[in-house]
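Undergrad: Dumping the structure here so I can ask a few things about it.
Nothing in this text is a laboratory measurement; each read-out follows from the coordinates by a stated rule. On a predicted model such as this, the values are computed, not experimentally measured, just so you know. Ideal geometry is used to build each Cβ from the backbone, glycine not excepted, and the neighbour counts take in all protein chains shown.
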Amino acid sequence: MTGIAAQFIPVRAEVPDFISEQDYWTYYYEAETPYEWNNGRLETRPVSDHLTYVVYDWVRNLLHAFLETHPIASTTGLEMGFRMALPGKTVIRKPDLGVVRHDNSVPLLPLDRSFHGVFDLCIEALSESTPKEARRDTVTKKTEYRQGGVPEYYILHHDLSRCAFYARDPRGHYRPIPIQNGVLRSRVLPDFCFRIQDLIKRPNVEAMLEDPVYQGFVLPAWQADRQRAEAERQRAEIERRRAKAERQRAETALSEKEAERQRAEAERQRAETALSEKEAERQRAARLAEQLRALGVDPDIL
């Protein structure tokens, strides 16, 4: 494969009808206009509508979340191309998103500006500005990726009926990936999956954290933090309840102690009252005895 150009690339004013592969790498691969190369012809990359881009962006972010949890592959952007020598022609394609597994026979190196092997997964956001552009993704590139040995190929669109998901079978043919219970599961990236209807709903992270389809790989560190926070909340709630029960026991003990004090005080008051009554009775008896003696009557003999 011919090497790519240096950092500063001259730009030709006119695009000739035929471009050699060497000239493509030298003048057009990193040009401001994003070109692909199809056996001597330059092809500009069409632009998808915004809603299709939003669908693509949701899948891309989901894939990045998956790879953070399962670091088994790397992704590339639409600026990076790869070369495929196919039956009867050679092409250089720049998929909207390329995935290279770490066990790919050709590693994706940190300073690579093109991929020298074959992507394990190519994702294209379908553009249908013209029938020709739509056919390029749905027919031409599908054939090229299949012949070039790309194991999986996804075509994304805001209309689910225009989406397509293919996997290469042992005979080298693309077959639609089975959708089981509404969920697509990648074969190239085990455990990577998404619900087809979610291409329309595009749930946010918090919703996916509660969804069994996604919770195994969406922000596990955030999930762990949330679980720790929940455990801490539960511990704090248990401690609060324990402190409340202890306070209630202390208040009950204090109430019982106060009730005992009040009972003792009432008993003391009853004793004092009885003593006062006894003393008053003694005083009445003494006065009566005094009065009897004054009358010459001995009270002791009564």
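Undergrad: Taking 0.36 nm per residue of sequence separation and subtracting the Cα-Cα distance, how much length would be gained by fully extending the chain between D103 and R247, in nm to one decimal?
TA: Taking D103 through R247 to full extension adds about 45.6 nm, to one decimal.
Undergrad: Need the full-extension length gain, E267 to K201, defined as separation in residues times 0.36 nm minus the C-alpha distance. One decimal, nm.
TA: Residue separation times 0.36 nm, minus the Cα-Cα distance, leaves 16.0 nm.
Undergrad: Give me S186, S105 ranked fewest to most by other Cβ atoms within 10 Å of their Cβ, as a rough exposure proxy.
TA: With the sparsest Cβ surroundings first, the list reads S105, S186.
Undergrad: Next up: On the principal axes of its Cα set, how long, how wide and how thick is the stretch 131-282? Give whole Å, largest value first.
TA: 128, 28, 22
Undergrad: Something else about it: Kindly provide the Kirkwood hydrodynamic radius of the stretch 59-191 in Å, to one decimal, from all pairs of distinct alpha carbon atoms.
TA: Radius from the Kirkwood sum: 15.3 Å.
Undergrad: I would also like to ask the following. Would you work out which of A245, V213, L97 lies farthest towards the positive end of the dipole of the chain? Charges go on Cβ: Lys and Arg +1, Asp and Glu -1.
TA: V213
Undergrad: Going by average Cβ density within 10 Å per residue, which order do the peptides 118-131, 273-286, 37-50 take, highest to lowest?
TA: Output ranking for 118-131, 273-286, 37-50: 118-131, 37-50, 273-286.
Undergrad: Can you tell me the length gained on complete extension of the stretch L254 to L275, counting 0.36 nm per residue apart and subtracting the Cα distance?
TA: 4.5 nm
Undergrad: Only bridges with both residues in the stretch 97-222 count here: give the DSSP antiparallel percent, nearest 5.
TA: Here the antiparallel bridges make up roughly 75 percent for the stretch 97-222.
Undergrad: What does the charge dipole of the chain about its Cα centre add up to, to the nearest 20 debye, if the Cβ of each Lys and Arg holds +1 and the Cβ of each Asp and Glu holds -1? Provide the component values of the computation, followed by the final result.
TA: Values: 45 positive and 48 negative charges, 138 e Å.
My answer is approximately 660 debye.
Undergrad: Below 16 Å Cα-Cα, how many Lys pairs turn up in the chain? Only count pairs eight or more apart in sequence, or on different chains, if you could. Kindly include the intermediate steps, with their values, before the conclusion.
TA: Values: K89/K141; K89/K142; K94/K141; K94/K142; K132/K141; K132/K142.
Qualifying lysine pairs in the chain: 6.
Undergrad: Quick one: R247, R146, fewest Cβ neighbours within 10 Å first, how do they rank?
TA: Numbers: R247 10, R146 18.
With the sparsest Cβ surroundings first, the list reads R247, R146.
Undergrad: For the chain, modelled as a GNM with alpha-carbon contacts under 10 angstrom, which of A134, A65, A289 fluctuates the most?
TA: So, out of A134, A65, A289, the one fluctuating most is A289.
Undergrad: How much net charge surrounds L189 when only the other residues with a Cβ under 10 Å from the Cβ of L189 are counted, with Lys and Arg +1 and Asp and Glu -1?
TA: Overall, the nearby charge balance is 0.
Undergrad: Then there is this: Using a Förster distance of 41 angstrom, determine the FRET efficiency expected from the C-beta separation of H173 and T44, and round it to 0.05.
TA: 0.85
Undergrad: With the chain treated as a Gaussian network of Cα nodes joined by springs under 10 Å, which of E152, E272, E239 yields the largest mean-square fluctuation?
TA: Among E152, E272, E239, the largest GNM mean-square fluctuation belongs to E272.
Undergrad: Ok, one more. Starting from the Cα coordinates of the chain, work out the convex hull volume and express it per residue in Å³.
TA: Here the figure is 276 Å³ per residue.
Undergrad: Still on this structure, I have one more. Ranking V55, V188 by Cβ neighbours within 10 Å, fewest first, what do you get?
TA: With the fewest neighbours first, V55, V188 line up as V188, V55.
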